Amino acid sequence: MTALSPATASASRSAGILPLLKTAFVNALVALVLFSLMVGIRTEAGSDGQLTYWTRFGELASLVAAVFGGSIVIELLRQWIGPTGAEKLVPPAVQSGMSFIGRYLAPALLIFTLLVPVIFYNQRYILDLAILVLTYVMLGWGLNVVVGLAGLLDLGYVAFYAVGAYSYGLLATNFGWSFWICLPLAGILAAFWGVLLGFPVLRLRGDYLAIVTLAFGEIIRLVIINWQELTGGPNGVSGIPRPSFFGIPLDNSDDGLAAKLGIEYSPTHRIVFLFYLILALALLTNWVTIRLRRLPIGRAWEALREDEVACRALGINTTTTKLTAFATGAMFGGFAGAFFATRQGFISPESFTFQESALVLAIVVLGGMGSQLGVALAALAMIGGFELFRSLEGYRMLVFGMAMVLIMIWRPRGLIGHRAPTVYLTKAQAISSDLVKEGHG
């Protein structure tokens, strides 16, 4: 084997460095263009009403330099790790330890979640944040049916969230029905609208499907804003009743739950009840989704996700498959919307914008499409991450966005990205000799 001459080795290194520097320079240039107005120049209304501005070119230069250096580091890691980086970089002992942790991570998270009201009973902020996280976990699991299992890109999922919220709000305020009666009705109405969305998009896929679902979400929001006689328009619906413990109110009255149990009343009782209520709804969503995956309809969803043409060739009715996926995902979104309405006591169109759909979709993609545990972890990271970076004020979204980009580079298929089949061929099956050309099975 002949050794390379110094000139040849130098030329080879230069050929490898130049593309790396070019990529880093392009990334830095893009960062300069994006951050020049976001960070480099700051504007504010002065005391006299005039617009004042000042520059922060030092911070802008630091960000551009960080992007340039980070691009070089990422490219070097990609070249160093290679296509089989996990096998080369992680020792077998560490791999077995990670496998052990992954096996018991879900039960440990469930036990911790059940104990959250006990551990943080006197911390209202933690309890409210936990309820919010569980709400988005339920929304993520509902959208995971459509996007993760059936492979249908839905950008208007917030529409079903709004239908569920307004269904409960209007039924409870106008007819005086309780939460437990309105909850299934909200899910049924949301599923009905899911079927209505499914019919126009039966022949669409990919980007065209995403555009239509995005338009559907905006149509629902505009209808809520303009149909003021029914929805209250921009003013929303107020005075939505709080949930009761199967008819027993959670208040300080003589008929309240605290008085019947003979304990001292505390406003935290209602918060704890709401926590366990959304936890039960989320676990119900998870259980139903797991059961559906093992049924023929769940296998049809997975076949549709992998290849719609092959799905049709196998004789699967893609019309029914798509409609059931939209209806099931919409039903869970309606349940979450009903809970949101009873928790807030007030709903308005501002709570159901496209940003909510984008956030739920980001949770599903970040967690790993089709992964229930991944969606839960992603919801915790996304919703909890906003609060974790709250002290950074103006840089919160920037730092959080950079963290998201790094995670997607590290795990492009999500935190727990896998497409494990629901049916396994455990043993080889013999074929009759009459069915093969060779004359033997």
State the number of residues belonging to the stretch 205-218 that are without any contact (Cβ under 8 Å) to a residue 60 or more places away in the chain and in contact with a helix residue (DSSP H, G or I) (Cβ under 9 Å, 6 or more places away or on another chain). 1
Only one residue in Ala358, Ala327, Ala341, Ala362 is out of contact with any Leu (no Cβ under 6 Å at 6 or more places or on another chain), at negative phi and free of Cβ contacts under 8 Å to residues at least 60 places away in the same chain. Which one? Ala362
Tell me the residue from Leu202, Leu170, Leu132 that is part of a helix (DSSP H, G or I), in contact with a Ser or Thr (Cβ under 8 Å, 6 or more places away or on another chain), open to solvent by 10 Å² or more (accessible area, probe 1.4 Å) and not basic (Lys, Arg), please. Leu170
Members of the stretch 138-157 that are open to solvent by 10 Å² or more (accessible area, probe 1.4 Å) and at pLDDT 90 or above: Trp141
Going by the structure shown, is Arg299 touching a residue at least 24 places away in the same chain (Cβ under 8 Å), farther than 24 Å from Cys182 by Cα and touching a Ser or Thr at 6+ places or on another chain (Cβ under 7 Å)? yes
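For (1) within 24 Å of the chain's Cα centre (by Cα); (2) part of a loop (DSSP other than H, G, I, E, B); (3) under 19 Å from Leu139 (Cβ atoms), each residue gets a yes or a no:
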| site | (1), (2), (3) |
| --- | --- |
| Ser253 | no, yes, no |
| Ala258 | no, no, no |
| Tyr265 | no, yes, no |
| Arg270 | no, no, no |
| Phe273 | no, no, no |
| Leu281 | yes, no, yes |
| Val288 | yes, no, yes |
| Ile297 | yes, no, no |
| Trp301 | yes, no, yes |
Considering the stretch 173-186, residues that are surrounded by fewer than 24 Cβ atoms within 10 Å (Cβ to Cβ) and among the small types (Gly, Ala, Ser), and then whichever is nearest to Ile278 (Cα to Cα), we arrive at Ser178
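Working carefully through the options Leu250, Leu222, find the one that is without any contact (Cβ under 8 Å) to a residue 24 or more places away in the chain and open to solvent by 80 Å² or more (accessible area, probe 1.4 Å).
Values: Leu250 fails: open to solvent by 80 Å² or more (accessible area, probe 1.4 Å).
Among Leu250, Leu222, only Leu222 is without any contact (Cβ under 8 Å) to a residue 24 or more places away in the chain and open to solvent by 80 Å² or more (accessible area, probe 1.4 Å).
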Cross-chain or 6+ apart pairs with Cβ under 7 Å, the stretch 265-282 first and open to solvent by 10 Å² or more (accessible area, probe 1.4 Å) and of a type in the set (Phe, Trp, Tyr), then at pLDDT below 90 and assigned to a helix (DSSP H, G or I): Tyr265/Ala258
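Can you give me the number of residues within the stretch 158-167 that are among the small types (Gly, Ala, Ser), open to solvent by 10 Å² or more (accessible area, probe 1.4 Å) and touching a Phe, Trp or Tyr at 6+ places or on another chain (Cβ under 6 Å)?
Of all residues in the stretch 158-167, those among the small types (Gly, Ala, Ser) come to 159, 162, 164-165, 167.
Narrowing further to those that are open to solvent by 10 Å² or more (accessible area, probe 1.4 Å): 167.
With the extra rule that they be touching a Phe, Trp or Tyr at 6+ places or on another chain (Cβ under 6 Å), the set shrinks to none.
Total meeting the criteria: 0.
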Residues (open to solvent by 60 Å² or more (accessible area, probe 1.4 Å), more than 18 Å from Val147 (Cβ to Cβ) and assigned to a helix (DSSP H, G or I)) located in the stretch 187-199: Ile188, Leu189, Phe192, Leu196
From the list Val133, Val158, Val137, Val118, which one is over 30 Å from Ala215 (Cβ atoms) and either free of Cβ contacts under 8 Å to residues at least 60 places away in the same chain or in contact with a helix residue (DSSP H, G or I) (Cβ under 7 Å, 6 or more places away or on another chain) (or both)? Val118
Residue that is modelled with the highest pLDDT [pool: residues in the stretch 321-374 that are in a loop (DSSP other than H, G, I, E, B) and open to solvent by 30 Å² or more (accessible area, probe 1.4 Å)]: Thr353
Considering the stretch 100-129 alone, what residues qualify as being within 19 Å of Gly370 (Cβ to Cβ) and surrounded by 11 or more Cβ atoms within 10 Å (Cβ to Cβ)? Gly102, Leu105, Ala106, Leu109
As an exercise: evaluate Lys260 against (1) of a type in the set (Lys, Arg); (2) within 30 Å of Ser178 (Cα to Cα); (3) at pLDDT 85 or above and give the number of the one condition it does not meet. (3)
Please work out which one of (1) surrounded by 24 or more Cβ atoms within 10 Å (Cβ to Cβ); (2) modelled with pLDDT under 90; (3) not acidic (Asp, Glu) is the condition Gln228 fails and give its number. (1)
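The values are calculated or read from the model by the stated rules, or taken from the named source; none is laboratory data. Since the model is a prediction, treat every value here as computed from it, not as a measurement. All Cβ positions, glycine included, derive from the backbone under ideal geometry; neighbour counts span all protein chains shown. The protein model used for the area step is the full one, side chains on, heavy atoms only, and it has no ligands, DNA or RNA in it. Shrake-Rupley method; radii C 1.70, N 1.55, O 1.52, S 1.80 Å.
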